[in-house]
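Below is one structure, written out as structure tokens; the observations come after it.
Read-outs: derived from the displayed coordinates by stated rules, not from any lab. Source: prediction; values computed, not measured. Here Cβ is always computed from backbone atoms with ideal geometry, including for glycine, and neighbour counts include all displayed protein chains.
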Amino acid sequence: MKAKILAALKRNAKLDGDAIQVTVVDDEVTLEGFVNAWHEREVAERAAWSAPGVRAVVDRLMLA
């Protein structure tokens, strides 16, 4: 699950995938790190939700 989310983040041209850390515990994904604009935060959340089996996304992303 984590690998699929990281791949989706890196594929997205709007995001700096290396600036976002992904932690998966059971079926809960936590996103931490920095984004350059708030719409990037939404893109990252959608990438996390798109992974099969995700039941919760905790967004701890901050504006750089």
With the condition kept exactly as written, say whether any residue in region 31-45 is among the aromatic types (Phe, Trp, Tyr), within 15 Å of residue 2 (Cβ to Cβ) and surrounded by 12 or more Cβ atoms within 10 Å (Cβ to Cβ).
-> no
For residue 48, which of the numbered conditions (1) out of contact with any Gly (no Cβ under 8 Å at 6 or more places or on another chain); (2) surrounded by fewer than 17 Cβ atoms within 10 Å (Cβ to Cβ) fails to hold?
-> (2)
Looking at (1) within 11 Å of the chain's Cα centre (by Cα); (2) in a loop (DSSP other than H, G, I, E, B), can you tell me which one residue 22 breaks?
-> (2)
Check whether at least one residue in region 25-39 is on the phi < 0 side of the Ramachandran plot, in contact with a strand residue (DSSP E or B) (Cβ under 9 Å, 6 or more places away or on another chain) and without any contact (Cβ under 8 Å) to a residue 12 or more places away in the chain, and report yes or no.
-> no
Report yes if residue 59 is among the acidic types (Asp, Glu), surrounded by fewer than 17 Cβ atoms within 10 Å (Cβ to Cβ) and assigned to a strand (DSSP E or B), otherwise no.
-> yes
Based on what the data block shows, is residue 54 outside any helix (DSSP H, G or I), hydrophobic (A, V, I, L, M, F, W, C) and touching a Phe, Trp or Tyr at 6+ places or on another chain (Cβ under 9 Å)?
-> no
